[in-house]
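Quick notes on the structure that follows.
The values are calculated or read from the model by the stated rules, or taken from the named source; none is laboratory data. All figures in this text were calculated on a predicted structure; none of them were measured in a lab. Cβ placement follows ideal geometry from the backbone for every residue including glycine, while neighbour counts extend to all protein chains displayed. For the accessible areas, the whole protein counts, side chains as well, though only heavy atoms, and no ligand, DNA or RNA atoms are used. Shrake-Rupley method; radii C 1.70, N 1.55, O 1.52, S 1.80 Å.
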Amino acid sequence: ARKLKFYAPYPSDSYTSKALVDLVKMIKEKTDGEIDFKVFPSGQLCIYEDSIEEVRAGTIDASFTWLTKRYHPKLDIGNLPGLCTTGFPEYELMFLDPKSPFCKIIETYSNEAGFVSLGGWLDPRIGFILSKVPKNPKDNLKKNISLRVPAMPSVRDMATAMGYNTVTMDYSEVFSALQTGQIDGASNIPAEDAYLQARDMIKCFDANNMGSTPGWLIINKKLWESFGPKNQKIVQDCIAFQIKKWLPVARGTEKKYEDELEKHGVKVIRYSSEEAIKRSAEIRANVWPKYADTYGKDTLKVLEDAVVANQKKVLSGKK
Amino acid sequence: MLIVAVGIIILGLLSGIYLPYVFVLSALFMIHAGGYESSFLMKYGYSVCNSLVLLCVPLFIAVGLVMEKSGIGKSLVNFVGIFVGRIKGGLAVVAVVACAAFGSIAGSSLATLSCISSIMMPRFEEAGYPRDYVATLITCACPLGLLIPPSAHMILYSWAGRQPLLACFLATVGPGLLLVLLLSVVSLIVLRKDPNIKVRAKMPPREFLAAARDDTFSALPAILMPVIVLGGIYSGTFTPTEAAAVAIIYSIPIGFFVYKKLTLRKLYETFVETASTTGVIMVMIFCVMMLSRIYIMEDMPGLIADFLRSFSNNKNVILLGVNIVVLIMGMIMDDTSCLLLGTPILLPVVQSFGVDPIHFAAIMGVNVAIGLLTPPTAPALYFGIQVTKTPLSGMLKTDIILLVTCWLPTLIAVTYFPDLALWLPKLILG
Amino acid sequence: MSSEEIVYRLMQLKRSSPWQLLLRIQEYILFITTCAMVTILGLVVVCRYILRVDLFGFDEIVMISAFWMYFIGSSYAMEKREHVKVDLLERMLPLRGQRILRIFADVVQVLVALETMRLSIAYIINGINIWPTTSAWGIPLITSMCAVTVGFVLMAFYVVVQLLEDIYENNGDDGLGMVGGER
Ligand code: NA
Ligand code: NA
């Protein structure tokens, strides 16, 4: 039989893609070769946004992607700011636990959009790269710094609330625009990309984790139903197993590249859990109410409670 | 199946079917032979074309046409002519240098080609240069825009290969300059004895100075234009796409009121021509990308990589093999997909043999640029046919000559003398 | 009908007012979309550097106009036979061979064009069903997607007319069907 196609946005040597390769290998073994995926890394097959529609239509079988509102007006709910500002500990609770309220919300929306959600996947946490060091990086006063944001309303509102002047431009123009000084920074960049692609252009990496954008696993509905309960369970177990296995790598990579940036002379702005939680509350209070109509007040309330509960867990876990 | 699909492309091309339909034909064959669903073809073409960066193509076509129709281009070239009018083939050197300079604004070869050809072709014709040769020369020089930063190719390489962008940018400068030199020298040699090329009659120094002053003065508003575009980009005032729009907006009043060549009717025609030329290019990209998507799903790159590994353990042999593979890939697919396919698969292979990834950036850069000029899939060549209105049969011979005498030596040099690529990144980034 | 008659009908068709009107409409669309693109990008620069305002998600509007420019432009070029093709083999053949090759290419082209048209119609129907929108403003993508369909439908139409022209026209007189790519 033809191998099933698994979309992956990151290059083959990134840990997210390596973990996916591990995952499909494990699934193949556990199902005695019944389910056999091939991972197509580097976003070769199409842009991540369209992989969603292709998974729905069945021309790609499964995808690791970021959910946007292109194919469902609510699917970009994960772009709301402040969902996991303390980084991986909260990220695990919010996105990687299949029983979390957020995962349930996405399951519902995915169903409406015509595909099946398999939950969050390992994805580097993100900060801002800046060619100027802001005087007041940790508060939300006007900074007079122009920051490129992706053209997503909630991300723009987040950056504005944090005191930045937002600029929208194509992602492919970001690094040259940064180099020529056309923009002073860009939001939602992992430390790894900051180091590998921009270390010579930037003075500062603000590891604020304010943008959330969880990487997500989705699968074609017909295909999923064809697996039957037994194989579905195997797939879910394999995902949980691989996430657990690769989480230390994810954390290690983040730390490694933040350290490398510092060694390279880039100022890395880190936040204590308390600082991150405080700022998350400020930004959520500013931005979320604007989206009450989009996602519904009840949904936002569920998420708000989840954020607060997760943050409590993170704080108590530290003690 | 892959071989049949490639065969269909070659046969389709030779029988004179419009290119976009040739690509669709081959794609449809693979869809049916491979048992795929066809519904993703249009979606994929759409999503590829739905890119703001690609807008550089129509905008710089428009810049070129507006410059031409408004009289700006002509007075600019008059100005340049002051310095080279007396040398046989001098204008060819100017064209090569102009490709490098103008290409560095756009970061795209096709935009460079459209802009330079619309300025230089009338001038070449006036001076009696062999049309086939100079059209091909500009076509073969246009990928310089991709070797001299900023470069769309290097942005893609740095993303797919996870390498620092700045270093990748700088890596292709060395080979780019070498190429400028080779193209210029070859052109001077080829055109040296051409009896049809008119060289300006000798003038007494006083007359020459007066003429030079007049030409310079009347060219001033025109000279300002590259200053605005280049200065605007390098000072960080606008992106290349925006720079092109600003250039158009700037040149319209100049054309109307300074050179008085532009009329509303002409502007209308210019914009319609811009759009229809753009349409030809974009629909071709749309269709090529549908095809390359199927190549990826058939894992053609993976097969190539396996094959290569089984061959040898010597670094130089592997590099030779990788170059041949990329050259062949460049023949059958467009530059973007070639780069996006080749980089993640070939970079780990060459790295395991001790090749510096920044060095490989330059190798890929030069090699993929060659792909723009090698049929059957040769975007720059076909675009050159379109914008210079020169038939392929007239271009092919010179294309092969320039590939062999300029591009291949550059590729060999950058492959086996890593310092050609690495000196500038080392110098600037340490 | 004799071939003279068909040629005459085709000429009449190309001179008829609906045909010319269609061309005019295409020209207007091309002019307007090009103007829109230049103006919007100019505005972006003015807003960003003079007024210091970010035109959030402006690219979504530019891309709508761009798609209409691309695909109407392409169909317009098809009417004028300006699409790129390789004329290598054609030039090496004797006149009779040229004609046979030309018609063979035309026939294949028509088949491919019709299939492409079918795909583009299926594409737009799917698009209406799932109704995708842009990420910044939530603009329905259908606004640019239907340009693709319109473009491929018009291209198919012109390719069919070209086939008829090439079959029935006398070889060589006005060069039609001989040097299509360079006219
Ligand atoms: Na360039
Ligand atoms: Na090629």
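Below is a table of values for the structure above.
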{"item": "Tabulated pairs, the stretch B:137-153, first within 16 Å of ligand 2 (Cβ to nearest atom), second open to solvent by 10 Å² or more (accessible area, probe 1.4 Å) and at pLDDT below 80, C-beta under 7 angstrom, 6+ apart or interchain", "result": "B:146/B:152; B:153/B:335"}
{"item": "Criterion violated by residue B:128 - all others in (1) over 30 Å from residue A:194 (Cβ atoms); (2) part of a helix (DSSP H, G or I); (3) away from ligand 2 (no atom under 16 Å from the Cβ) satisfied", "result": "(2)"}
{"item": "Breaking point among (1) more than 14 Å from chain A (Cβ to nearest Cβ); (2) at pLDDT below 90; (3) in a helix (DSSP H, G or I), for residue B:203", "result": "(3)"}
{"item": "Any hit, the stretch B:385-400, residues being within 16 Å of ligand 1 (Cβ to nearest atom), under 19 Å from the mean Cα position of the chain (by Cα) and not aromatic (Phe, Trp, Tyr)", "result": "no"}
{"item": "Matching residues in the stretch B:366-377 - criterion: being part of a helix (DSSP H, G or I) and near ligand 2 (Cβ under 7 Å from one of its atoms)", "result": "B:371"}
{"item": "Filter pass, residue A:58 being more than 30 Å from residue B:349 (Cα to Cα) and either within 14 Å of chain B (Cβ to nearest Cβ) or among the basic types (Lys, Arg) (or both)", "result": "yes"}
{"item": "Test: residue in the stretch B:234-249 that is within 30 Å of residue B:5 (Cα to Cα) and either within 11 Å of another protein chain (Cβ to nearest Cβ) or among the polar types (S, T, N, Q) (or both)", "result": "no"}
{"item": "Subset of the stretch C:46-79 (residues that are closer than 30 Å to residue B:14 by Cα, open to solvent by 10 Å² or more (accessible area, probe 1.4 Å) and either in contact with a strand residue (DSSP E or B) (Cβ under 7 Å, 6 or more places away or on another chain) or at the interface with chain B (Cβ under 7 Å from one of its Cβ atoms) (or both))", "result": "C:76"}
{"item": "Residue tally, condition open to solvent by less than 60 Å² (accessible area, probe 1.4 Å) and either over 13 Å from residue B:378 (Cβ atoms) or part of a loop (DSSP other than H, G, I, E, B) (or both), over the stretch B:403-417", "result": "8"}
{"item": "Search result, residues across the stretch A:31-46 that are at the interface with another protein chain (Cβ under 10 Å from one of its Cβ atoms) and at pLDDT 90 or above", "result": "A:38, A:40"}
{"item": "Residue pairs meeting the criteria (Cβ under 8 Å; at least 6 apart or on separate chains; first free of Cβ contacts under 8 Å to residues at least 24 places away in the same chain, in the stretch A:43-64; second among the aliphatic types (A, V, I, L, M))", "result": "A:44/B:296; A:44/B:340; A:44/B:341; A:53/C:130"}
{"item": "Leading residue by the ranking (nearest to residue A:55 (Cα to Cα)) among those in the stretch B:1-55 that are among the polar types (S, T, N, Q) and part of a loop (DSSP other than H, G, I, E, B)", "result": "B:39"}
{"item": "From B:191, B:183, residue being in contact with a Gly (Cβ under 9 Å, 6 or more places away or on another chain), more than 23 Å from residue C:27 (Cα to Cα) and either away from chain C (no Cβ under 14 Å) or open to solvent by 10 Å² or more (accessible area, probe 1.4 Å) (or both)", "result": "B:191"}
{"item": "In the stretch C:114-125, the residues that are more than 7 Å from chain B (Cβ to nearest Cβ) and touching a residue at least 40 places away in the same chain (Cβ under 8 Å)", "result": "C:114"}
{"item": "Single condition residue A:163 does not satisfy, out of (1) open to solvent by less than 10 Å² (accessible area, probe 1.4 Å); (2) outside any loop (DSSP other than H, G, I, E, B)", "result": "(2)"}
{"item": "Residues (at pLDDT below 85 and either closer than 20 Å to residue B:229 by Cα or open to solvent by less than 40 Å² (accessible area, probe 1.4 Å) (or both)) located in the stretch B:260-273", "result": "B:262"}
{"item": "Among (1) part of a loop (DSSP other than H, G, I, E, B); (2) open to solvent by less than 20 Å² (accessible area, probe 1.4 Å); (3) away from every other protein chain (no Cβ under 13 Å) - the single one residue A:183 does not satisfy", "result": "(3)"}
{"item": "Residues within the stretch A:123-136 that are open to solvent by 20 Å² or more (accessible area, probe 1.4 Å) and not β-branched (Val, Ile, Thr), tallied", "result": "4"}
{"item": "Hits in the stretch C:28-40 (condition: within 7 Å of chain B (Cβ to nearest Cβ) and open to solvent by 20 Å² or more (accessible area, probe 1.4 Å))", "result": "C:31, C:35"}
{"item": "Matching residues in the stretch A:257-280 - criterion: being surrounded by 14 or more Cβ atoms within 10 Å (Cβ to Cβ), part of a helix (DSSP H, G or I) and in contact with a helix residue (DSSP H, G or I) (Cβ under 9 Å, 6 or more places away or on another chain)", "result": "A:257, A:258, A:260, A:261, A:273, A:276, A:277, A:280"}
{"item": "Considering residues of the stretch A:115-155 that are among the hydroxyl-bearing types (Ser, Thr, Tyr) and at pLDDT below 95 only, the residue nearest to residue A:241 (Cα to Cα)", "result": "A:154"}
{"item": "Residue that is within 11 Å of chain B (Cβ to nearest Cβ), assigned to a helix (DSSP H, G or I) and touching a Leu at 6+ places or on another chain (Cβ under 6 Å), where the choices are C:89, C:111, C:43", "result": "C:89"}
{"item": "Hits in the stretch A:1-23 (condition: assigned to a loop (DSSP other than H, G, I, E, B) and open to solvent by 30 Å² or more (accessible area, probe 1.4 Å))", "result": "A:1, A:2, A:3, A:12, A:13"}
{"item": "Meets criteria (under 27 Å from residue A:114 (Cβ atoms) and in contact with a Phe, Trp or Tyr (Cβ under 9 Å, 6 or more places away or on another chain)) for residue A:269", "result": "no"}
{"item": "Residue ID - farthest from ligand 1 (Cβ to nearest atom), chosen from residues in the stretch B:366-384 that are open to solvent by 10 Å² or more (accessible area, probe 1.4 Å) and over 13 Å from the mean Cα position of the chain (by Cα)", "result": "B:376"}
{"item": "Candidates A:49, A:90, filtered to the one that is surrounded by 21 or more Cβ atoms within 10 Å (Cβ to Cβ), part of a helix (DSSP H, G or I) and modelled with pLDDT under 95", "result": "A:90"}
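For every residue, the table says whether it meets (1) outside any helix (DSSP H, G or I); (2) within 14 Å of chain C (Cβ to nearest Cβ); (3) more than 25 Å from residue B:36 (Cβ to Cβ).
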| residue | (1), (2), (3) |
| --- | --- |
| B:270 | no, yes, yes |
| B:274 | no, yes, yes |
| B:285 | no, yes, no |
| B:288 | no, yes, no |
| B:311 | yes, no, yes |
| B:328 | no, no, no |
| B:354 | yes, no, yes |
| B:364 | no, no, yes |
| B:381 | no, yes, yes |
